[in-house]
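Heads up: the structure comes next, in structure tokens.
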Amino acid sequence: MRSSRIVAALVLVLALTSLSPPAQAQTNRTTAAVFPAVVIGEDFPDPDVFQKNGTWYAYSTNNGRGHVPVASAPSATGPWTIRGDAMPGGPSASWAQPGRTWAPDVHPNPDGSFTLTYTAWHKSSGRQCIGVATSSSALGPFTPVGSQPLICPLGQGGAIDANTFVANDGTRYLTWKNDGNAIGQPSTLWLTRTTNNGTSLTGGNTAMLTSSSVIEAPDLVQRGSQFVLFYSGGGYNDCNYLTSYATAPSLSGPWTVAYRPLMTTASFDNRVCGPGGADFVGDKVFLHGWVNGSRHLYVADLGWANDFPVVRGSRVRTEAERGTLNHCVVRTGAAGASGGAVAAYIDYADSWVQVSVFAPSAGGYTLWVGYANGMGASSTHGLVVNGNSQGTVNYPVTGWDNWRQTSAPVTLNAGWNTIRLTKGTLYAEVDYLELQ
């Protein structure tokens, strides 16, 4: 009952984290959200993408198109054209055999050449190891370098998923994974410094993250205040595959894993199945999704909220009780509510709840509001975005402490926006706001 709710202290800390939607009834579904777009509608898994001289290039794990399929486009959104096999001769015949050439990484070098780091099938052990190849063209052909793998810790299950990272000071590294889960051991994401256009290693290996679960496909980005290590988790061949991340103040750590994954099937409302193998390039993220037994290539807008990633179309939750409240209160001990607290008693003409949300790009979004309404009739809140009215949020009857979510379309500016819920008709308590 409303009269029995406990009034708690106001909390003014904004929480901004990725969300997998709860198993709750959804109402007022809108089409404002913009989900990742398919740009290659056939098998093109584990994408690596870069732009050079106005042309975009993308590479994938082996398939019917070759050992290292390559595609090009005039823009990130396409149209993309598959151009053939960037390494038609296959991996190094001295130590590898064709058949499992995975997760290529191609990096343009200062001298105009290109270095391909790839995963291949190690002949003598049957494990996966990392090799390197070079070419004078982004389209290849790439020629393997050396008679041995670049990275091959057989006692740790081998190595997969190399990815080039160049720090702001120009130092070049590879991130990679020892394939521990292939032999029933934990897997670690590693950082190794390279020289000579990435064709050789220098120094030792630095462990970043270790997990007994499957983690793979590392991609490291340096932001102004921190390093962001993206990675995939789960099995790649179903909708449980996901993308998460960890942050650290320096390359030596410590690494803090995000509270919620960045991209999941649920956070995209099932519009992408198993979003993973992601490559973060400027203001875009490229990822693959599972489609009828193959993995297609998608692209989505990427933004940075105080150096934390936000992907357009993937839900981001802000707890209402951690926003700014005026003439209303935080109610703690709210059974079943996200975080156990809600914004309550939004009952007066000057009552409102305001949060800040981050939009990777300008345009239409869907605002989801977690709420409870025990009034016996539908209620509303006014919806004010950046000081301007954008209609109302409608709350069908649920009963108190029976949390559901409703939605409303909103139009946002690129970057930070303020969303305020004001007193409307009757009453509702607000659990959280999610931007999608």
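Name, by its number, the condition in (1) part of a strand (DSSP E or B); (2) more than 30 Å from S135 (Cα to Cα); (3) of a type in the set (K, R) that does not hold for R271. With (1) part of a strand (DSSP E or B); (2) more than 30 Å from S135 (Cα to Cα); (3) of a type in the set (K, R) applied to R271, the lone miss is (1). Per the listing G84, G90, G78, the residue uniquely part of a strand (DSSP E or B), on the phi > 0 side of the Ramachandran plot and not aromatic (F, W, Y) is G84.
Only one of the listed residues (Y395, Y371, Y348) is free of Cβ contacts under 8 Å to residues at least 40 places away in the same chain, in contact with a strand residue (DSSP E or B) (Cβ under 9 Å, 6 or more places away or on another chain) and among the aromatic types (F, W, Y). That residue is Y395. Considering each residue of the range 142-175, count those that are small (G, A, S), in a loop (DSSP other than H, G, I, E, B) and within 27 Å of the chain's Cα centre (by Cα), and give that number. Total meeting the criteria: 3. Considering only residues that are under 28 Å from the mean Cα position of the chain (by Cα) and of a type in the set (S, T, N, Q), look in the range 103-141 and name the one that is surrounded by the fewest Cβ atoms within 10 Å (Cβ to Cβ). Looking at residues that are under 28 Å from the mean Cα position of the chain (by Cα) and of a type in the set (S, T, N, Q), I get N109.
Within the range 284-294, at least one residue is over 11 Å from the mean Cα position of the chain (by Cα) and either under 21 Å from W176 (Cα atoms) or crowded, with 24+ Cβ neighbours inside 10 Å (or both).
When you scan the range 295-303, do you find a residue that is crowded, with 23+ Cβ neighbours inside 10 Å and either free of Cβ contacts under 8 Å to residues at least 60 places away in the same chain or not in a strand (DSSP E or B) (or both), even just one? No, the conditions are met nowhere in the range 295-303. State all residues of the range 175-193 that are of a type in the set (S, T, Y) and touching a helix residue (DSSP H, G or I) at 6+ places or on another chain (Cβ under 9 Å); if no residue qualifies, say none. Those that are of a type in the set (S, T, Y) and touching a helix residue (DSSP H, G or I) at 6+ places or on another chain (Cβ under 9 Å): S187, T188. Answer yes or no: is there a residue in the range 208-226 that is hydroxyl-bearing (S, T, Y), under 21 Å from W304 (Cβ atoms) and under 18 Å from the mean Cα position of the chain (by Cα). Scanning the range 208-226, I find no residue that is hydroxyl-bearing (S, T, Y), under 21 Å from W304 (Cβ atoms) and under 18 Å from the mean Cα position of the chain (by Cα), so the answer is no. Scanning the range 181-240 for residues that are assigned to a helix (DSSP H, G or I) and among the small types (G, A, S) yields A182, G198. Strands (runs of 3 or more DSSP E) fully within the range 318-385 that include at least 2 residues being closer than 22 Å to Y259 by Cα and modelled with pLDDT of 95 or more: 341-344, 352-359, 363-372.
Per-residue answers, yes or no, for (1) among the hydrophobic types (A, V, I, L, M, F, W, C); (2) without any contact (Cβ under 8 Å) to a residue 12 or more places away in the chain:
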{"residue": "A133", "(1), (2)": "yes, no"}
{"residue": "V145", "(1), (2)": "yes, no"}
{"residue": "C152", "(1), (2)": "yes, no"}
{"residue": "Q156", "(1), (2)": "no, no"}
{"residue": "T171", "(1), (2)": "no, no"}
{"residue": "T175", "(1), (2)": "no, no"}
{"residue": "N181", "(1), (2)": "no, no"}
{"residue": "L189", "(1), (2)": "yes, no"}
{"residue": "G203", "(1), (2)": "no, yes"}
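The values are calculated or read from the model by the stated rules, or taken from the named source; none is laboratory data. Note that this is a predicted model, so its numbers are computed, not measured. Neighbour counts are summed over all protein chains in view; Cβ atoms, including those assigned to glycine, are modelled from backbone coordinates with ideal geometry.
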